[in-house]
Protein chains: 4
Amino acid sequence: MKLKMDVLALQDFLRTDFPQVSSDFVIDGLTADLLRVRLKTRDNHLRPGGTVSGPSMFALADVGVYLAILARLGPVALAVTTSCSIDFMRKPRAGQDLIGETRLLKLGRVLAVGDVLMFSEGENQPVARASLTYSIPPERG
Amino acid sequence: MKLKMDVLALQDFLRTDFPQVSSDFVIDGLTADLLRVRLKTRDNHLRPGGTVSGPSMFALADVGVYLAILARLGPVALAVTTSCSIDFMRKPRAGQDLIGETRLLKLGRVLAVGDVLMFSEGENQPVARASLTYSIPPERG
Amino acid sequence: MKLKMDVLALQDFLRTDFPQVSSDFVIDGLTADLLRVRLKTRDNHLRPGGTVSGPSMFALADVGVYLAILARLGPVALAVTTSCSIDFMRKPRAGQDLIGETRLLKLGRVLAVGDVLMFSEGENQPVARASLTYSIPPERG
Amino acid sequence: MKLKMDVLALQDFLRTDFPQVSSDFVIDGLTADLLRVRLKTRDNHLRPGGTVSGPSMFALADVGVYLAILARLGPVALAVTTSCSIDFMRKPRAGQDLIGETRLLKLGRVLAVGDVLMFSEGENQPVARASLTYSIPPERG
């Protein structure tokens, strides 16, 4: 699956189309196989004890797969999340950013599926994994 | 499963233990079978078009099952979300609160499972469904 | 969502189109809100200890939602399972049939979502819950 | 996580403890990072059209993660599946075995989580992905 957008184009798209959340996320890298996206942890992402909240991890996974689809379809797409399954496996390290390693497993005509392994920066063991399905709207021409 | 906490006790617990999010949620009702919790939709829950974001729906489901467990175990519990599967089925209605109808399906010694149907207020068709598993920590003392 | 097929029509459809499994399943009831399907437990569904295996519970949930979709679309449909999340909550009772109470939560143009609560016959507490998504093929003709 | 059992020991364990299914599965390889298990496709795994059925794919994923846990805990373990989420992404190739590439993401005191990518033999694109959680019983003795 060839890439139609690079890191800068994706980051621009986030800024213009998702101004509410774009400042939370930075794209650390993008290849044909892997998109690496970072949640810049702030106070509003935290739960008591200083660890990243579940909804914030969900948001990271959701953004990761969305961007991985966009990188292949180009900025016209308006994919919609239809399902997510997420496993919370370890407590994120307090005060660290969270890195989401995103892989696109399928990009079909109607559905796309991706999965995301999430790590506290600098750690080897994943804190969470998620898989998400997006519905791809019919092409408008 | 007998209830050990009522609506007021749960709402108090939210306020003291989860001050970051407690103002987002109101418990609309609690019986032995059903806990109804409301996400008071605000700007920071919204995506372009005015519909509630995925992470906000995740948060509603997460809080719903957490409170349903707490109502049965009492305020000493510190259950931890271990997994969630969520299906987004319809677009939430812009500007409406979201209601989460939560049922506890299992409350075991180690794991609890609940599910949540989410509705835009005043609508009949669910916008999303979620099921969540919590890990129950061993009793202390 | 009006029903286009009744119990007998569904049972006939299973017999002709899924001869490999149709003898495993009986439809116990069908209304606009609920389809009740029974797995007639046999030796090949069992694991050591006499309880129904995970794959057999998956099969029951899969058949339940498939039939619930079919009942509404009619026998022309050829829906395909795209995802399933399943929670195994209690050990099924040895030697008992398993009953799947199936509800269709969404029947869209492209995707359908249903969920299933599974009970050992005669028991009150569910042994498992599952939610499934089916992809609906575009209409032909 | 060091391995306590090798391929032969695992295969023996399957044969004695799961005689109903052991002839369906062959362990193709095992390292510290990856367990590769094969479903030897037979008629009873197939659906109309000759593709592997959903319950058979579920069974492959379930066995894969079970064996990956066993390889680390040794043959005394009796882990129980508590949840599975599975995405069916492509039609398996008719007449081919299915290969499940299994990774253990967490092996905790109480819960283990693994995921499985499934491929029709000789193909590059996965037909399905699954993640499973097992409950680890408390140690006895």
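Once the label point is set 7 Å along the Cα-to-beta-carbon vector, what list of distances in nm do you get between C:Ala94 and its counterparts in the other copies? Copy-to-copy label distances at C:Ala94, shortest first: 4.2, 5.0, 6.1 nm.
Of all chain D residues, the one whose Cβ lies closest to the rotation axis that maps D onto A, given with that distance rounded to whole Å, is D:Ser85, 2.
I want the local charge near D:Arg93. Using Cβ-Cβ distances under 10 Å, sum +1 for each Lys or Arg and -1 for each Asp or Glu among the other residues. Here the count lands on -1.
Here the residues A:Leu3, B:Leu132, A:Leu117, ranked from fewest to most Cβ neighbours within 10 Å of their Cβ, fall in the order A:Leu3, A:Leu117, B:Leu132.
Across segment B:1-56, C-alpha contacts under 8 Å between residues 6 or more apart give a mean separation that, scaled by the residue count, equals a relative contact order of 23 percent. Taking the label point 7 Å along Cα→Cβ, C:Pro138 and its counterparts in the other copies are spaced 0.7, 5.9, 5.9 nm apart, in ascending order.
For chain B, the tally of Lys pairs with Cα-Cα distances below 27 Å comes to 4, considering only residues 8 or more apart or on different chains. Local charge sum around A:Lys40 (other residues, Cβ-Cβ under 13 Å, Lys/Arg +1, Asp/Glu -1)? Overall, the nearby charge balance is -3. Size descriptors for the protein assembly as shown (Cα atoms only): Rg and Dmax, in that order, 22.7, 69 Å.
Starting from the label point of B:Val110 at 7 Å along Cα→Cβ, the same points in the other copies fall at 0.9, 4.0, 4.1 nm, in ascending order. Ordering B:Ser22, C:Ser85 by the number of other Cβ atoms within 10 Å of each residue's own Cβ, fewest first, gives B:Ser22, C:Ser85. Calculated over segment B:7-135, the projected area of the Cα convex hull averaged across directions stands at 7.3 nm².
Take the convex hull of the alpha carbons in segment B:58-121; its mean projected area over all directions comes to 4.7 nm².
Summing charges over all other residues whose Cβ lies under 12 Å from the Cβ of C:Gly29, with Lys and Arg as +1 and Asp and Glu as -1, gives -2.
Counting other Cβ atoms within 10 Å, which GluC sites (Glu not before Pro) in segment A:35-141 have at most 16 and lie in a DSSP loop? Of the GluC sites (Glu not before Pro), the ones in loops of segment A:35-141 whose Cβ has at most 16 other Cβ atoms within 10 Å are A:Glu121, A:Glu123, A:Glu139.
The ranking of A:Asp62, C:Asp33, B:Asp28 from fewest to most other beta carbons within 10 Å of each one's beta carbon is C:Asp33, B:Asp28, A:Asp62. Look at the alpha carbon pairs under 8 Å that are at least 6 residues apart: their mean separation over the length of segment C:7-135 gives a relative contact order of 25 percent. Helix A:7-17 and the longest principal axis of the Cα set of chain A meet at an angle near 90°. Shielding of peptide B:32-43 by partners, expressed as the average count of other chain Cβ atoms within 10 Å per residue Cβ, is 0. Other protein chain C-beta atoms within 10 Å of residue C-beta, averaged over D:87-99: 3.
Determine which residues of segment B:70-91 fall in the zone a paramagnetic label at B:Glu121 would reach in this model, i.e. backbone nitrogen under 20 Å from the point 7 Å along Cα→Cβ. Inside the label zone: B:90-91. Axis of helix A:54-73 versus longest Cα principal axis of chain A: the two differ by about 30°, to the nearest ten degrees. Across B:Pro48, B:Pro75, B:Pro19, mean-square fluctuation computed from a Gaussian network of chain B (C-alpha pairs under 10 Å connected) peaks at B:Pro48.
Throughout, read-outs are computed from the coordinates displayed, never taken from laboratory work. It should be emphasised that the depicted structure is a prediction, and the values quoted were computed from it without experimental measurement. No Cβ is skipped: glycine too gets one built from the backbone with ideal geometry, and neighbour counts run over all protein chains shown.
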